[in-house]
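**Q** One structure coming up, written as structure tokens, with questions to follow.
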Amino acid sequence: MSSYSPLARKVTPTALPARLISRPRLTGKLDDGVQGPLTLVAAGPGSGKTVLLGDWANSQQRPIAWVSLDAPDNDPDRFWPLVGLALQTAGLIAENEGLNGLPHDQTDTGQFMAALVEALPGSQPVTLVLDDAHVLSNPSLLAEIDAVIRYGFPRWRIVLSTRSDPLLPLHRYRLAGQMTELRADDLAMTRAEARALLTAHDVTLRQSELAMLTHRTEGWAAGLRLSAMSMAGSRDPGRFVTQLALDQGSVGEYLMEEVLDRQSAPARRLLIQTSFLDEVTGPLAAAVTGIENSSELLADMARTNSFVIPQGNEPGRYRYHQLLAEILNYLSRREYGKETLELRKRAAAWFEANGDPSSAMRFAVEAHDWPRASSVLIRGGFAKAFIERKDILDLGLGNLLAVDNDPEPTSDEGSDAKVAQAVVAAVLGRLDVAREHLQQARTRTLTADADATAALVEVIAAQQDGSLSGLDAAASTLLAERHPVDAVRTTTGLRSAVQLTRAAHQYWEFGPRPQFDQILFEALDEAHGGGMPGLELECLGYLQLAYTVSGRGEHANDCELKSQTLVRRNPQLQRTTVHHLANATAAYLQTDLNNAARFVSRAEQTKIVDADPPLRAAVALMHGWILIASGRVADAHHHLMSAPELGRSLPGHLARSRARALAEIETRMGRPHAALKAIGDSAADLRDPMLAMAGARAFIALGDADAARDALRPALISSDNTAPLPVLIEVFLTSAKVAELGGNDARAVEEVMRATGLATESITQPFADARPMLDELLRRHPEAVAAWPNTGSSGELDAEQVASPRVRSLAEPLTDRETAVLRRLATTMTTAEIGNELCVSINTVKTHIAAIYRKLPAAGRRDAVARARQLELL
């Protein structure tokens, strides 16, 4: 038989590409697989199945029989002679005649197996690769292949390469341990493999561009290879990373021909009309497209690996491969134009009816359906976002302020719209505008939902004002029982979310209190039981902070571990400002100033805009204390006097903390009188241990032991109070210095021992801070030195760690396309509108946004814009 005959080509492995990238991690799995009866390689077109198997077959010492199947081969009388020819070509049998007359009886495979054994004498193992096995559907043929898999081992080892799962009892093979599987996820190229492929084409990309390419293609082998071919010879290959090409030989052309053009007309329409959805289900697709059998169409496309990918463990949820989604979005704009707005309206209506207000608002905004967006916002949408700690502006609702959707300002509907605009204004921090809209809305009787949402706006406004009394009053109004019952006040978790907001502000006003922990525990239980991970994460963050400040390190570590687990289980969550502040505080108390500075930097960058004012002020104060501890007191003074977060009226506890920090700076700079002045009116409550200690240290610097003792006495008398453990340690160490200054070494050593008796591994900074002050006492009393904790060495503080974010540059620059997306994030454009303007899919825009957030870093859209303006990128 000629080597150029069609049959010869069907029984030899496909020719390998010139720039072959060997993949030992996969060929090793194939080696392991053929130790059993069946190896299944199942993935969509272009995933590299045939190339992988060809490379593996060529590397084998023993002969491999290969059959490339076509639709006509789906017949036992044609299939088995073809297998015989493959065995003969591989040198496994001398002639092919024995497989030409096998009996084919679906009900009696035993007779078939006996004839197969007789036709193939000997014991030499047979490894048979069946490429494109998805064409096999003949029941008799499948029954015979099943018999070979189950009864032919160890002589027969079958390797099936297929686009979709063959109609064989795969579950039975899995349970029996008879099958090795390589799926699309296994075949996806790693970043290292992608780089090797590009190198083979003389293409070099930056690390960020390579990451973008592998993310965008999802490791799809054909997409990467075609991209490499397109980039070869280009002076700027990076620009191809985000472009959508449909010309000859492009990735787009391949997907059109190999995937989209093979679908039925209804399936094609379903794909195109639902391409704007991140995740699609049958009911959602039916609502958007009107195609009643959407569930069946999606399941069939997923089964045939048509770039429709099942999501999670819950059946019926799918997403589209990113590159396919880009093609579909392009076709949607070209074929449907403005009709896509109607598709989004249908999606918004479906999500609203199915209890997902966040998605309903998002698609209503994308459809420019402002009445629906306003309606969903005030009928529980804002309340749920508040509970889940989501930023509604990420949904594009910022545009709502500019919409004149109130043709009759005195109508009930118009009043509701005004409340919705007040929501947006409050979240933007434009409190005067928010209150003006509420005043206009209240000129008429509000609906129950609008009235409750207006009360929630008042809570947000009071939170932004930093007014504890205003917050208490607004929260009481919101949580009061009303009739008729509205959808807002009955939202699960609202009470706990509001109470957490109140408790946080009470914490900043009064400092750590036992009742604060109790409120957090109650909110945490409801959040955990009600499936509210965002609220649960924030509760854990505040608990961690409270435990850390109080010196309960083990409890704080437990909260940190729970937060880490929660974030891993919920990828949409991000660590919040309070978590970074808690970690910064813990590192500071352990004299680990560089790590403390690193966490403060994260806190400053993560929530530049939407952390509440007291929390931002607490972060700024920790920044100052790190500078003080590092000896950079002049920098600390400048920071505490100029930081905008500290320029407003502060809650009591924070005001006292700032006064104490400024007094400490003045004392260290040799200006004790200025230190006493810095305490000023804050010293009115002399029983506050922080201020008492600051005053005592100023008098110590003046050499006035009696005044220092008098200043410190209230703190010592109340040393059994609820003051945080680190503060009590500092009080006792300061008292030791007062006693030494008064000539009473015995009392001084006693006070040192009281302090060391409270020491833990998680609290060493007070001792590092007091060591210079008590150095002479410790030299005279070895017993005090023996009890003194090991504070280690904080080392020289990295100046970059505590530099203002305004003067830092990016470690990894933004690409041109990321910069283009960033500029549009600074406008009111939605994600969909950015994609339309840049002619890319929503998924591609989201990929760019994710890269922007990672590089800046930022936690959300407003954070990214604020951070970019600080860096003068905008």
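The values are calculated or read from the model by the stated rules, or taken from the named source; none is laboratory data. All figures in this text were calculated on a predicted structure; none of them were measured in a lab. With ideal geometry, Cβ positions are generated from the backbone for all residues, glycine too; neighbour counts draw on all protein chains shown. For accessibility, only protein heavy atoms count, side chains too; no ligands or nucleic acids. Shrake-Rupley method; radii C 1.70, N 1.55, O 1.52, S 1.80 Å.
**Q** Take the residues in the range 627-654 that are exposed (fewer than 15 other Cβ atoms within 10 Å of the Cβ) and part of a helix (DSSP H, G or I), then tell me which one is nearest to the chain's Cα centre (by Cα).
**A** Here the answer is 644.
**Q** Okay, next question. Answer with yes or no whether residue 465 is outside the structural domain of residue 652 (by the TED database), over 15 Å from residue 498 (Cα atoms) and among the acidic types (Asp, Glu).
**A** Answer is yes for this residue.
**Q** Another question, if that's okay. If you scan the range 437-462, which residues turn out to be within 19 Å of residue 381 (Cβ to Cβ), modelled with pLDDT under 90 and not hydrophobic (A, V, I, L, M, F, W, C)?
**A** 447
**Q** Just the residues that are at pLDDT below 80 and buried (at least 22 other Cβ atoms within 10 Å of the Cβ), please, taken from the range 831-841.
**A** Those that are at pLDDT below 80 and buried (at least 22 other Cβ atoms within 10 Å of the Cβ): 832, 835, 840, 841.
**Q** In addition: Can you confirm whether the range 607-615 contains a residue that is modelled with pLDDT under 90, aliphatic (A, V, I, L, M) and open to solvent by less than 40 Å² (accessible area, probe 1.4 Å)?
**A** yes
**Q** Hey, can you tell me all the residues within the range 511-528 that are surrounded by fewer than 18 Cβ atoms within 10 Å (Cβ to Cβ) and modelled with pLDDT of 85 or more?
**A** Hits for the range 511-528 are 518, 521, 522, 525, 528.
**Q** Yes or no: residue 147 among the small types (Gly, Ala, Ser) and buried (at least 19 other Cβ atoms within 10 Å of the Cβ)?
**A** no
**Q** Looking at the range 302-326 only, could you name the residues that are part of a helix (DSSP H, G or I) and open to solvent by 40 Å² or more (accessible area, probe 1.4 Å)?
**A** The answer is 303, and nothing else.
**Q** Can you tell me how many residues within the range 58-79 are in contact with a helix residue (DSSP H, G or I) (Cβ under 9 Å, 6 or more places away or on another chain) and in a helix (DSSP H, G or I)?
**A** 7
**Q** Is one or more of the residues making up the range 491-500 farther than 17 Å from residue 380 by Cα and either in contact (Cβ under 8 Å) with a residue 24 or more places away in the chain or assigned to a loop (DSSP other than H, G, I, E, B) (or both)? Don't jump to the end; show me each part of the working.
**A** Step one: of the range 491-500, the residues farther than 17 Å from residue 380 by Cα are 499-500.
Filter once more, so that each one left must be either in contact (Cβ under 8 Å) with a residue 24 or more places away in the chain or assigned to a loop (DSSP other than H, G, I, E, B) (or both): 499-500.
Yes, the range 491-500 contains a residue that is farther than 17 Å from residue 380 by Cα and either in contact (Cβ under 8 Å) with a residue 24 or more places away in the chain or assigned to a loop (DSSP other than H, G, I, E, B) (or both).
**Q** Follow-up. Any residue at all in the range 170-178 that's open to solvent by 40 Å² or more (accessible area, probe 1.4 Å), without any contact (Cβ under 8 Å) to a residue 60 or more places away in the chain, part of a loop (DSSP other than H, G, I, E, B) and aliphatic (A, V, I, L, M)?
**A** The initial filter retains those residues of the range 170-178 that are open to solvent by 40 Å² or more (accessible area, probe 1.4 Å), namely 171-172, 174-178.
Applying the additional criterion that residues be without any contact (Cβ under 8 Å) to a residue 60 or more places away in the chain yields 171-172, 174-176.
Going one step further and asking which of them are part of a loop (DSSP other than H, G, I, E, B), we end up with none.
Checked against the condition, which is being open to solvent by 40 Å² or more (accessible area, probe 1.4 Å), without any contact (Cβ under 8 Å) to a residue 60 or more places away in the chain, part of a loop (DSSP other than H, G, I, E, B) and aliphatic (A, V, I, L, M), the range 170-178 yields no hits at all.
**Q** Take the conditions modelled with pLDDT under 75, more than 21 Å from the chain's Cα centre (by Cα) and surrounded by fewer than 21 Cβ atoms within 10 Å (Cβ to Cβ) and apply them to residue 807. Does it pass?
**A** Judged against the criteria, residue 807 is a match.
**Q** Of the conditions (1) at pLDDT below 90; (2) over 30 Å from the mean Cα position of the chain (by Cα); (3) part of a loop (DSSP other than H, G, I, E, B), residue 334 satisfies every one except a single condition; which number is it?
**A** (3)
**Q** Of all residues in the range 199-225, how many are open to solvent by less than 10 Å² (accessible area, probe 1.4 Å) and in a helix (DSSP H, G or I)?
**A** 5
**Q** Just the residues that are polar (S, T, N, Q), open to solvent by 20 Å² or more (accessible area, probe 1.4 Å), more than 17 Å from residue 761 (Cβ to Cβ) and assigned to a helix (DSSP H, G or I), please, taken from the range 550-595.
**A** Result: 564, 565, 594.
**Q** Determine whether the range 43-54 contains at least one residue that is outside any helix (DSSP H, G or I), surrounded by fewer than 21 Cβ atoms within 10 Å (Cβ to Cβ) and without any contact (Cβ under 8 Å) to a residue 60 or more places away in the chain.
**A** no
**Q** Further question: Taking the condition of being farther than 19 Å from residue 82 by Cα and either out of contact with any strand residue (DSSP E or B) (no Cβ under 9 Å at 6 or more places or on another chain) or open to solvent by less than 10 Å² (accessible area, probe 1.4 Å) (or both), how many residues in the range 151-169 meet it?
**A** 4
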